[in-house]
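The values are calculated or read from the model by the stated rules, or taken from the named source; none is laboratory data. Since we're looking at a predicted model, the values are computed, not measured. Methodologically, a virtual Cβ is constructed for each residue, glycine included, from the backbone with ideal geometry; neighbour enumeration extends over all protein chains shown.
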Amino acid sequence: MDANFACTPMSPELCLRREDDRDLAVLVWRFDAPVRVISSAPYGGGIGRRSWVLNASVPGDYARVDPAAHVGEIAAALELDGDGTGMLTAVDVTTAHNAHDRGVDVAVTVGLGHPTWAAASDEAAELVGTINVVAWIPACLSPSALVNAVATVTEAKVQALFEAGIPGSGTATDAVVIVCPDSGAEEAFGGPRSTWGARLARATHTAVLAGAR
């Protein structure tokens, strides 16, 4: 992991936790003040103000069916204050791939044990694996621009997987967290040809491609 990745005003903190007799890593981004976030993570998803983001490793044989509660337990153990959002992955988060493009920073953990196509059969869609994306955009995005930015991340991810020869558009449990300031003039657009969306797309593509390869 590139320790200089700065998705927030602070670099992510690497924490270790003991769980089921195993040492497991957690990446934690803590914010000096609440930021605006859009998240598809199981804990703290949606659009809102958040004080932290975490991406936690779990064992490859993970069998819990309450990921939101599990993230809450991890956050409590780490004494994370305020509202936050968090996700889980069977990938060792210390192997996160990072990319930067003119102010936009992206950190990605890429787990491709079971890639699937978005429009796959129900049986295929039940297979698990996870690509988690955390991105920082240093401009205040409007709610609609944040939604558009999630689509931009997804498009860039699929492009990277295609170029890496992966037979799928992602996994059944991919998550995206996009962080931006909660004040300032709002940017109205987050699509791939907008100013910030283009940078987000390139950084996401670079990081996912590196992880997929």
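Observations, loosely collected:
- Candidates are the residues of the stretch 61-91 that are at pLDDT below 95 and within 23 Å of ALA160 (Cβ to Cβ); the one that is surrounded by the fewest Cβ atoms within 10 Å (Cβ to Cβ) is ALA90.
- Members of the stretch 27-49 that are on the phi > 0 side of the Ramachandran plot and crowded, with 19+ Cβ neighbours inside 10 Å: GLY44
- Among (1) over 16 Å from LEU209 (Cβ atoms); (2) buried (at least 19 other Cβ atoms within 10 Å of the Cβ), the one test that ALA120 misses: (2)
- Of the residues ALA118, ALA149, ALA135, the single one that is part of a strand (DSSP E or B) and among the small types (Gly, Ala, Ser) is ALA135.
- Taking the stretch 3-48 as the range and being modelled with pLDDT of 95 or more and not in a strand (DSSP E or B) as the test, the residues that pass are SER40, ALA41, PRO42, GLY44, GLY45.
- Single condition THR152 does not satisfy, out of (1) over 20 Å from ARG102 (Cα atoms); (2) buried (at least 19 other Cβ atoms within 10 Å of the Cβ); (3) among the β-branched types (Val, Ile, Thr); (4) without any contact (Cβ under 8 Å) to a residue 60 or more places away in the chain: (1)
- Every residue from the stretch 172-203 that is farther than 12 Å from ILE137 by Cα, in contact with a strand residue (DSSP E or B) (Cβ under 6 Å, 6 or more places away or on another chain) and not small (Gly, Ala, Ser): ASP174, VAL176, ARG202
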